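Undergrad: Sending over a structure as structure tokens; questions will come in a sec.
Rule-based calculations on the coordinates, nothing more; no lab input. These numbers were taken from a predicted model, which means no experiment stands behind them. For neighbour counting, all protein chains shown are included, and Cβ atoms are generated from backbone atoms with ideal geometry for every residue, glycine included.
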Amino acid sequence: MKERMKHVALHAQGLGSAPLLNPGADGARQAISHLGYVQIDTLSVIERAHHHVLWNRVPDYEPANLNHLVGEKRIFEYWFHAAAYLPMRDYRFALPRMLSIRTGESRYFCNGDKQLMKEILTRIRSEGALRLRDLETCDKRSGSWWSKRCAPPCASWPMTG
């Protein structure tokens, strides 16, 4: 019974022995739709982690499939509980949140460090596109959760380290 339940759980997640999805981009779209979303993850050992999710489920999956699907408006990127690729059928559910952010009603983006945001925008205007690592500053604290290394800026850490 336990082995059967394990098989059912893996199959429902698209990890069964026989692929349930079409190959390539269409299969990636199907997987995202079936799972509800795929969290965009910056961790990269061999490839960024969200590609592993799809590669394990979709025959002939290629990382370029996601950009293709976004470009064709078959999936979209948005921040739900985290940055994610979502099926286009759910776009309507993102619209109220998008509007609340535009009108300043969002509880997530209303307490930003205005000075820090101004400094970052000034750098982007003068230097062009930047990665988070381009904004790093050295943190002099140490402890069990951090060490003396560079970390991304935060409201409590000055831009000039």
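Undergrad: Could you work out the relative contact order of the stretch 2-102, using alpha carbon pairs under 8 angstrom and six or more residues apart, expressed as a whole percent?
TA: Reported relative contact order: 27 percent.
Undergrad: Could you run the Karplus curve 6.51 cos²θ - 1.76 cosθ + 1.60 with θ = phi - 60° over the stretch 2-9 and give me ³J(HN,Hα) per residue in whole Hz, x for Gly and Pro?
TA: Once θ is set to phi - 60°, the couplings for the stretch 2-9 become 4, 5, 5, 5, 4, 4, 4, 5 Hz.
Undergrad: Treating the beta-carbon of each Lys and Arg as +1 and of each Asp and Glu as -1, no other charges, what is the dipole magnitude of the stretch 2-102 about its Cα centre, to the nearest 20 debye?
TA: My answer is approximately 440 debye.
Undergrad: Oh, and also: Taking H as built 1.01 Å from N, whose amide H comes closer than 5 Å to the amide H of residue 41, not counting residues under 5 places away?
TA: Long-range HN contacts for residue 41: 49, 50.
Undergrad: What ranking, highest mean first, results for peptides 123-132, 62-71 when packing means the other Cβ atoms within 10 Å averaged over each residue?
TA: The peptides rank, most packed first, as 62-71, 123-132.
Undergrad: Pulled fully out, how much extra length does the chain show between residue 95 and residue 45, if you take 0.36 nm times their separation in residues and subtract their Cα-Cα distance?
TA: 14.6 nm
Undergrad: For a quick check: with amide H placed at 1.01 Å from N, whose amide H comes under 5 Å from residue 61's, ignoring anything fewer than 5 positions away on the same chain?
TA: Under 5 Å from the amide H of residue 61 lie the amide H atoms of 24, each far enough along the sequence or on another chain.
Undergrad: Enumerate the amide H contacts of residue 76 below 5 Å, restricted to partners 5 or more residues apart or on another chain; note that Pro and chain-start residues carry no placed amide H.
TA: Distant-sequence amide H within range of residue 76: 86, 88.
Undergrad: Step through the residues of the stretch 26-39 one at a time and calculate ³J(HN,Hα) from phi using the Karplus curve (6.51 cos²θ - 1.76 cosθ + 1.60, θ = phi - 60°), rounding each to whole Hz and writing x for Gly and Pro.
TA: Running phi through 6.51 cos²θ - 1.76 cosθ + 1.60 with θ = phi - 60° gives 5, x, 5, 4, 4, 5, 4, 5, 5, 6, x, 5, 10, 5 Hz.
Undergrad: With the dipole of the stretch 2-102 worked out from charges on the C-beta (+1 for Lys and Arg, -1 for Asp and Glu) around the Cα centre, which of 28, 79, 63 lies farthest toward the positive end?
TA: Final value for the positive-end residue is 79.
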